[in-house]
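The values are calculated or read from the model by the stated rules, or taken from the named source; none is laboratory data. Please read these numbers as outputs of a predicted model, since none were measured by experiment. Positions of Cβ are generated from backbone atoms using ideal geometry, with glycine treated the same way; all protein chains shown enter the neighbour counts. Protein only, heavy atoms only, side chains kept; ligands, DNA and RNA dropped before computing areas. Shrake-Rupley method; radii C 1.70, N 1.55, O 1.52, S 1.80 Å.
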Amino acid sequence: MTDVEAAITRAHHQEWARVVASLTKRFGDLDIAEEAAAEAFATAVERWPADGVPPNPGAWLTTTANRKAIDRIRRESKRDDKQKEAQMSYDDQPEPLGAIDDERLRLIFTCCHPALAMETRVALTLRMVGGLTVPEIARAFLVQETAMGQRITRAKAKIKAARIPYRVPAAEDLPGRVSGVLAVLFLVFNEGYLATGPDTDPVRHELTAEAIRLTRLIRALLPDDGEVAGLLALMLLTEARRTARVSGSGELIPLDEQDRGAWDTTLVAEGHHLVRERLATGLPPGRYQILAAVNAVHTSARDARDTDWSQIVALYDQLVRIDHSPIVALNRAIAVAELDGPEVALAVVDRLGDKLPAYHLYHATRAELLRRMGRSKESRAAYDEAITLAANTAEVAYLTRRRDQLAG
């Protein structure tokens, strides 16, 4: 990659959301903002190799995108003269960085508005904030390119028709809306961390990296929000183990069998720092902060045998009080098995059966507990159920091997 190509890639990562957000504010139209931003970057690809990288790439891209947007408005002549005149009266200087950052936050909240379906929020956020192309998003979620394009187009139309406001929510609404944004980013991360579909790699680094990049952006814009810091820490501590999670043969390697020397120590250190930083505030932790703390305990142990399971159970006890989901109860039971034995844990897990009948990790957990208790026939049946429901190729390979190792 040449220096100019690297500069364009860097500018795309750093400036795309700023340019789209600035144009959305100026023209009040996501379609115009998206198209003009894309045209500005295409122009950079054409001109920067010959003209050189401008001293302020963001300002150059914003100015170029503004001109592209005005050209489109003139061509389409969809607005009355007064509105056109107001929108076209701008100077070539970009807005102050702080204002653009604020608009970027507005853009994120618009894309993650609760009036939109979750799958639509994910697609729109990756396109408008992340700058991924429609084909890239379609490939990430195993959707036809035309269908993904239509999904994004319909989302933008709904935002316009429903008059979804382009603003940061009021103070009383902010925690709930931030939670909605984080749910979108966590969904993107999880699809990369444990990719579904038979034709995908079991771990999709491009998706985990994009989720982390966007969460860092939210962290920069909302530095005092504990749950934003918690989610970033959770992602970093999970991503740190990525290269140790799948074997050369494509099989999932469980946490207790991973080569801890292969973990990314820089990401672990950053994740631990964020967890300690939040603990130092003395404020009650939220869901993501507690999950990050659980991962901090795991990644603090040099050997799986050194894991402080009592601390992990205590953290899950905290989490259960604010998140009553059966998946949290299942994860707590896994930790309980390490403290009190598989029999105690199995009694808890079995009570969750009617709530998690189609969740593959419920059956995988039962299979492992039954295996440890010597109940091989029941364990095999539970493995069969988990294999049927699992969608990740590396998980299927691991569960199949574990089942086949059972006697009889």
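Details
- Distance from the range 321-387 to the range 1-49 (C-alpha centre basis), Å: 49 Å
- Note on Arg213: accessible area is roughly 60 Å² with a 1.4 Å probe, heavy atoms of protein only.
- Overall, the anisotropy analysis places the chain in the prolate class: the square-rooted eigenvalues a ≥ b ≥ c of its C-alpha gyration tensor yield a/c not less than 1.5, with a/b exceeding b/c.
- Accessible-area composition of the chain, carbon plus sulfur, in percent [1.4 Å probe]: 52 percent
- Estimated FRET transfer efficiency when R0 is 30 angstrom, pair Gln258-Ile327 (beta carbons, to 0.05): 0.85
- Extension gain for the segment Gln311 to Gln405, taken as residue separation times 0.36 nm less the Cα-Cα distance, is 30.6 nm to one decimal.
- Per residue accessible area in Å² of the range 1-78, where ligands, DNA and RNA are left out and the probe is 1.4 Å: 48 Å²
- Cα→Cβ-extended label distance, 7 Å offset, between Glu35 and Ala59, nm: 2.9 nm
- These residues, Leu221, Leu116, go from largest to smallest accessible area, 1.4 Å probe, as Leu221, Leu116.
- When the charge dipole of the chain is built from unit charges on Cβ atoms (+1 for Lys and Arg, -1 for Asp and Glu) and taken about the Cα centre, the candidate among Ala240, Thr120, Tyr383 whose Cα reaches farthest toward its positive end is Thr120.
- Taking a ≥ b ≥ c as the square roots of the eigenvalues of the Cα gyration tensor, the range 1-75 is prolate, since a/c reaches 1.5 or more and a/b is larger than b/c.
- Inter-label distance, nm, simple model (7 Å from Cα along the C-beta direction), Asp384/Glu172: 5.7 nm
- Straightening the chain between Gln150 and Met1 buys 50.3 nm, computed as 0.36 nm per residue apart minus the Cα-Cα spacing.
- Nonlocal amide H pairs with Val246, under 5 Å, H built at 1.01 Å: Ile253
- Loop trypsin sites (Lys or Arg not before Pro), the range 136-211, which have at most 14 other Cβ atoms in a 10 Å radius of their Cβ (DSSP): Arg163, Arg167
- Pairwise FRET efficiency - Thr281 versus Thr9, Cβ, R0 = 51 Å, nearest 0.05: 0.90
- Here r is the Cβ-Cβ distance between Thr196 and Arg219 and R0 is 25 Å; the resulting FRET efficiency, rounded to 0.05, is 0.40.
- Its DSSP H runs of at least 4 residues, each contributing -39,500 (n - 2.57), put the calculated 222 nm mean residue ellipticity of the chain at -22500 deg cm²/dmol, to the nearest 500.
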